[in-house]
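The structure under discussion appears below in the form of structure tokens.
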Amino acid sequence: MRESQESVPMDDQLEKKFAESWDHMEWFFGSGEIWRKRPDIVEFIAMARSLGYDRKLRAGQSLDAFVVSRSRVHGLRTEQPMIAFHILKDRILARSRELQAEDLDESEVKVSDRVRALLDRLSKEPIT
């Protein structure tokens, strides 16, 4: 754990808040009310949720990127680890911060083994 971060334990209430953040991202990318509809991102979110990541990670967005973190609250500080998924016409770019992990460029929009390994790595980070 990084010295400047204080970890908080996972509990049922926090797990529920994480899941709610994924609900909001499905609405954000699927409704077309705030941003243009992105069914490709909604499908990626559903795939990740089916693997249980919605109970381990907080979801958010930055413009058209789907972002996940271990942040206890909405909003990220620069020292908090995160992954931003940019989905571009049948490919996915994953950019991570504070994970000592390489960026990914996958030719299919799916939760591949490499994407899953990156999500697993983030899931092991402390909740801050």
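The values are calculated or read from the model by the stated rules, or taken from the named source; none is laboratory data. Fair warning: this is a prediction, and the values are worked out from it, not measured in the lab. Heads up, the Cβs are rebuilt from the backbone with ideal geometry, glycines too, and the neighbour counts pull from every protein chain shown.
Assorted remarks:
- Single residue of segment 90-102 satisfying the filter (farther than 19 Å from PHE29 by Cβ and surrounded by 12 or more Cβ atoms within 10 Å (Cβ to Cβ)) that is modelled with the lowest pLDDT: ALA101
- Checked across segment 78-89, the condition of being surrounded by 20 or more Cβ atoms within 10 Å (Cβ to Cβ), more than 22 Å from GLU15 (Cα to Cα) and modelled with pLDDT of 90 or more holds for at least one residue.
- Within segment 25-38, the set of residues being out of contact with any Phe, Trp or Tyr (no Cβ under 8 Å at 6 or more places or on another chain) and either in a helix (DSSP H, G or I) or modelled with pLDDT of 95 or more (or both) comprises GLU26, TRP27, GLY30, SER31.
- Any pair with Cβ under 9 angstrom, 6 or more apart, that starts in segment 20-45 at a residue that is in contact (Cβ under 8 Å) with a residue 60 or more places away in the chain and farther than 13 Å from VAL68 by Cα and ends at one that is of a type in the set (Phe, Trp, Tyr) and surrounded by fewer than 20 Cβ atoms within 10 Å (Cβ to Cβ): none
- Residue match in segment 46-65 (condition: among the hydrophobic types (A, V, I, L, M, F, W, C), at pLDDT 95 or above, in contact with a helix residue (DSSP H, G or I) (Cβ under 6 Å, 6 or more places away or on another chain) and in a helix (DSSP H, G or I)): no
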